[in-house]
1. Between Gln251 and Tyr88, what length in nm is gained on full extension when 0.36 nm per residue of separation is reduced by their alpha carbon distance?
2. Starting at 0 and stepping by 10 Å, how many percent of the alpha carbon pairs of the range 173-263 end up in each bin?
3. At Arg230 and Gln18, where each label point lies 7 Å from the Cα along Cα→Cβ, what is the point-to-point distance in nanometres?
4. Taking the Cα-to-Cβ direction at Ile186 and at Asn56 and moving 7 Å from each Cα, how far apart do the two end points lie in nm?
5. Could you give the nm distance between label points at Trp261 and Glu205, where each point is 7 Å from its Cα heading toward the beta carbon?
6. Beyond 16 Å, how much of the Cα-Cα pair distribution for the range 11-77 remains, as a whole percent?
7. With N set to the number of residues, divide the alpha-carbon radius of gyration of the range 3-127 by 2.2 N^0.38 Å and report two decimals.
Amino acid sequence: MPLPLITLAAAAASFACQSPSHHDGDNLRCANVPGSMRLQGIDAPEMPGACRPGRNCVDGDPFAARDYLRGLTAGKTLQCVQEDTDSYDRRIVNCTAGTVNISCAMIESGHAVPRYAPLDCSGTSPVPETAPDVTVDPSTDPTPQTAPEPPPVIVPADTPARPGTSGPGFGMAPVILFGLLLVNLITWALLAIDKRRAQAGRSRERIAETTLLGWAMVGGSPAAWHAMNRLRHKSAKDSFKQPLLLISGLQIGALLGLLWWQFSG
């Protein structure tokens, strides 16, 4: 490719990121650029519930990593270069704040590990390049003065890390799955009981449709459909089937929306 075209291509891939924000320790969003981006060459701990089964997720505190990254970029305009795109069609970017390479700073702080792409961290450091000037007036003290110690390095953080979040976790997923299983068992049992009472002619002891639909609404709709077809109970009653269909459609839509939010960034 001719040199002018190479220069133009490099310029097109470079952009300024204004008001950066972060969902975790390796994620980036810019106020002036649409879409979520991933910092090049690093992998940070995943937020609770975000580590997919079978994936080798990074150990550590995801909130501390996110807060450290926020401290590096807060109030700054980053200079970024798009290096690639990932499997989710997100931009993979290499960003700097002044002379500090953000990805290298995250690795040096211990909040991220190098992964996925080579990263050149030579010559970059999150530590200030020069210490503040200290002037000593010899007339006020005849004894020799020792050189002042450099100021301590302060780890930037907007908010303290949340306790009890070290390492990737699945959060409340096992509890939610157990709860849904229990709700479905109860829903199926209620429909079976109502079917037996209907066959026995015990109409005064029948379970109200609102009660059955209520259990379906809190997660028992799969069991309601299974019992309705397996037991041949209420399969011909539109007063039960239509609300159950509406409840199931809303639940499927909510599940798809949650999955999209989970995997989109």
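FYI, it's all coordinate maths here, none of it is from the lab. No experiment lies behind these values; they were computed from the predicted model shown. Heads up, the Cβs are rebuilt from the backbone with ideal geometry, glycines too, and the neighbour counts pull from every protein chain shown.
1. Fully extending the segment from Gln251 to Tyr88 adds 56.2 nm.
2. So the P(r) values, bin by bin, are 16, 46, 26, 9, 2, 0.
3. 5.9 nm
4. 4.3 nm
5. According to this spin-label approximation, the distance is 4.4 nm.
6. Looking at the range 11-77, the distances longer than 16 Å represent 50 percent of pairs.
7. The reported ratio for this selection is 1.04.
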